[in-house]
There are 2 protein chains.
Amino acid sequence: MGGNDAQLLADSLVAADVRGIHSHGVLRVPDYVEKLLAGGVDPNGRPTLVSDRAAAIVVDGGNSMGQIGAWFAMGLAIERAKATNVAVAAVRGSNHCGAMFHYAMRALPEDMIGIAMTNALPTMAPWGGKDKIVGINPLAVAIPSQDEPPVVLDAAFSYSSHGKIRVYRQKGEPIPATWAYDSDGLPTTDAAKAIEGLLQPIGEYKGVGLAIVSGVLSTLLSGASYGSESGNMAEGAKAGHDGHVFIAINVAGFEDVARFKSRVDGIVQEIRGSARAVGTSRLYAPGGLEAETEASYRREGIPLNEMTWEGLECASRRVSP
Amino acid sequence: MGGNDAQLLADSLVAADVRGIHSHGVLRVPDYVEKLLAGGVDPNGRPTLVSDRAAAIVVDGGNSMGQIGAWFAMGLAIERAKATNVAVAAVRGSNHCGAMFHYAMRALPEDMIGIAMTNALPTMAPWGGKDKIVGINPLAVAIPSQDEPPVVLDAAFSYSSHGKIRVYRQKGEPIPATWAYDSDGLPTTDAAKAIEGLLQPIGEYKGVGLAIVSGVLSTLLSGASYGSESGNMAEGAKAGHDGHVFIAINVAGFEDVARFKSRVDGIVQEIRGSARAVGTSRLYAPGGLEAETEASYRREGIPLNEMTWEGLECASRRVSP
């Protein structure tokens, strides 16, 4: 990869680690190296503008690493929203682009709200079904604040994740009953059956519906592959098929920016100061815990576990001349 | 109310009933009559344009019934999106505006995606808390299709609703453990404690986060009241404080419309034709069941229960000269 692209990709991984989202941090490096060496992703792929019509932008990732096209598209949406106040950039021809909050948060220094969604390989069934045809298609939203941490939500529409379930399987412990279904589409607490089976959505039909909508917005606007068209968990993602969508909303187009941001501060403070249920030590608005983690990691360094470190060394040996 | 406004309000209620969403249908008439006679909502309130900047529109509902300002704003967003391809209309000075899918679906005949969100009176706590300061702030999304029913999602970010819990209380039955917390913020299966307590979000912190984001977008862009600023469940909503937000995305700005709609058909068909888990008789994409209900009710009429009918008669007597 060119130096700039490599830097951008590395930044996106470290941005996840520094907020404590290690599942999307440098832990991914071995997998990404594999994608670049053997998975068909083009290290020199370049995102291009497919169409550009007022507040509507379409980008083709050119089979670059997902981060490259995603960053490019979010940048275009933000620039356009300076003129139009709202802009949407839809991406096709892409690949896994990491944690979505990274793109949404890029809007914050511009006093914009950032929204990012992506297609994901299908791991859920339609509500009442058992075929793995719906992705957990995460959504991230970042809302600018004044003195408090920004409101940053990044959530997939599954209750849990394969990563968390694998930890339970390693420990030989049962998973909570709300996390997964077995291959027959019935709730299971057996971690091994869950891995073979399906992730449960949040809120039953609501979560599946939200995932379908996020998937459609992430792929059908740009002409990217949706759901199982983009690959499957057994064989992995098809290189250059993925899709995402990015939205920038310019606060100044609607409301006095200082007033908006001070009201966001008020919401964060209201949550922090509200009464705690038994067993809770602190209350956070979305992104508040991650902001605290970031402040602490920036002072003290980011702790990486043994397995992540070994993965980095192994990947490094693989690509060293 | 003027004839046109009364018609628009009635249409919105019947639009909910005809899709089987009776909780937001003419069941609401007595409550709405109360709002108009004694609740401070202005029957002759007129929505006005506050600001109009490219893809960003702000509307003041003028303390009209929520449906009047919401319909006005969604109409402006759709008209603007014909030029800019994406448009957002934020509303303040409003009141309860009924089922959100009604506004989202208005985008469909224009081959646009419609999105609608609203502030709601707070009935949830922040994650880990017990103060009632977060609304269930529903989101609706409508996506145009070709021959299949459109994909229409309308979901609040609570697992269940006060209406459903009241039915359990009437029957003296316990509610599922995922529906509510008691006043201490602990899960309860006691319907009476649940009514006094809090609604549980979908997917724990995810649902609360989604609700907060939906609430911020619905209120802070327009300067409407957020959460407890807009009232509370004990004393009701403050007239003319509510906020909503409406988004129109013009498919033609991004993608060939026929291709987009035919791919939506494909997703609907893939879901319908996929394997069913034990106990499921049919699978639906979001809005598929409601479309079937609508087809059947349009043939056979809309069944209203005794209590709804009595409410209509009672409200009718109250306003008859």
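The values are calculated or read from the model by the stated rules, or taken from the named source; none is laboratory data. As the structure is a computational prediction, the values presented were derived from the model and not from experiment. Here the Cβ positions follow ideal geometry from the backbone for every residue, glycine too, while neighbour counts run over all protein chains shown. Side chains included, ligands, DNA and RNA excluded: accessible areas come from the protein's heavy atoms. Shrake-Rupley method; radii C 1.70, N 1.55, O 1.52, S 1.80 Å.
Structural remarks
- Of all residues in region B:198-209, none are more than 11 Å from chain A (Cβ to nearest Cβ) and open to solvent by 10 Å² or more (accessible area, probe 1.4 Å).
- Among the residues of region A:130-149, some residue qualifies, meaning at least one is open to solvent by 30 Å² or more (accessible area, probe 1.4 Å) and either modelled with pLDDT under 95 or basic (Lys, Arg) (or both).
- A single member of A:ALA77, A:ALA55, A:ALA87, A:ALA70 is within 14 Å of chain B (Cβ to nearest Cβ) and touching a Phe, Trp or Tyr at 6+ places or on another chain (Cβ under 7 Å), and it is A:ALA77.
- Tally, over region B:215-243, of residues that are within 9 Å of chain A (Cβ to nearest Cβ) and either closer than 21 Å to B:ALA104 by Cα or in a loop (DSSP other than H, G, I, E, B) (or both): 9
- For A:LEU186, the stated conditions do not hold, so it cannot be described as open to solvent by 20 Å² or more (accessible area, probe 1.4 Å), touching an Asp or Glu at 6+ places or on another chain (Cβ under 9 Å) and of a type in the set (A, V, I, L, M, F, W, C).
- Breaking point among (1) touching a residue at least 40 places away in the same chain (Cβ under 8 Å); (2) within 9 Å of chain A (Cβ to nearest Cβ); (3) open to solvent by 20 Å² or more (accessible area, probe 1.4 Å), for B:GLY279: (1)
- Selected residue (criterion: farthest from the other protein chains (Cβ to nearest Cβ)) from residues of region A:94-117 that are assigned to a strand (DSSP E or B) and open to solvent by 10 Å² or more (accessible area, probe 1.4 Å): A:MET117
- Residue among B:ILE165, B:ILE175 that alone is in a loop (DSSP other than H, G, I, E, B) and aliphatic (A, V, I, L, M): B:ILE175
- Selection of region A:306-318 for residues being open to solvent by less than 40 Å² (accessible area, probe 1.4 Å) and among the hydrophobic types (A, V, I, L, M, F, W, C) yields only A:ALA315.
- Any hit, region A:244-253, residues being within 8 Å of chain B (Cβ to nearest Cβ), surrounded by 21 or more Cβ atoms within 10 Å (Cβ to Cβ) and over 22 Å from the mean Cα position of the chain (by Cα): yes
- Residue within region B:259-275 that is open to solvent by 20 Å² or more (accessible area, probe 1.4 Å), more than 30 Å from B:TRP179 (Cβ to Cβ), more than 8 Å from chain A (Cβ to nearest Cβ) and of a type in the set (S, T, N, Q) present: yes
- Condition check for A:GLY20: farther than 24 Å from A:VAL257 by Cβ and either touching a Cys at 6+ places or on another chain (Cβ under 6 Å) or without any contact (Cβ under 8 Å) to a residue 60 or more places away in the chain (or both): no
- In the set (1) in a loop (DSSP other than H, G, I, E, B); (2) at pLDDT 95 or above, A:CYS314 fails one condition alone, (1).
- Members of region A:33-55 found to be under 20 Å from B:ALA83 (Cα atoms) and either in contact with a Lys or Arg (Cβ under 9 Å, 6 or more places away or on another chain) or touching a residue at least 60 places away in the same chain (Cβ under 8 Å) (or both), listed by number: A:VAL50, A:ASP52, A:ALA54, A:ALA55
- Some residue of region B:163-180 being within 20 Å of the chain's Cα centre (by Cα), open to solvent by 30 Å² or more (accessible area, probe 1.4 Å), within 12 Å of chain A (Cβ to nearest Cβ) and without any contact (Cβ under 8 Å) to a residue 24 or more places away in the chain: yes
- Hey, B:GLY69 farther than 16 Å from A:GLU255 by Cβ and at pLDDT below 95 or not: no
- Exclusive hit being surrounded by fewer than 17 Cβ atoms within 10 Å (Cβ to Cβ), within 24 Å of A:SER161 (Cβ to Cβ) and not charged (D, E, K, R), set A:VAL41, A:VAL91, A:VAL14: A:VAL14
- Filter pass, A:ARG46 being farther than 20 Å from A:MET307 by Cα and basic (Lys, Arg): yes
- Put simply, of A:SER64, A:SER23, A:SER51 the only residue that is small (Gly, Ala, Ser) and buried (at least 20 other Cβ atoms within 10 Å of the Cβ) is A:SER64.
- Per-region count, region B:270-283, residues aliphatic (A, V, I, L, M), at pLDDT 95 or above and assigned to a loop (DSSP other than H, G, I, E, B): 3
- Residues satisfying the stated conditions in region A:120-133, i.e. more than 8 Å from every other protein chain (Cβ to nearest Cβ) and either in a strand (DSSP E or B) or among the aromatic types (Phe, Trp, Tyr) (or both): A:MET124
- When each of B:PRO321, B:PRO303, B:PRO286 is tested for being open to solvent by 50 Å² or more (accessible area, probe 1.4 Å), modelled with pLDDT of 95 or more and not in a helix (DSSP H, G or I), the lone residue that passes is B:PRO303.
- Selection of first residues in region A:79-103 that are at positive phi and of second residues that are aromatic (Phe, Trp, Tyr) and surrounded by 24 or more Cβ atoms within 10 Å (Cβ to Cβ), restricted to Cβ pairs under 8 Å at least 6 apart or on distinct chains, gives the following pairs, ordered by first then second residue: A:ASN85/A:PHE254.
- For region B:202-243, a residue qualifies if it is within 18 Å of the chain's Cα centre (by Cα) and among the charged types (D, E, K, R), and exactly one does: B:ASP242.
- Selection from region A:134-148 of residues that are in a loop (DSSP other than H, G, I, E, B) and under 14 Å from B:ILE267 (Cα atoms): A:GLY135
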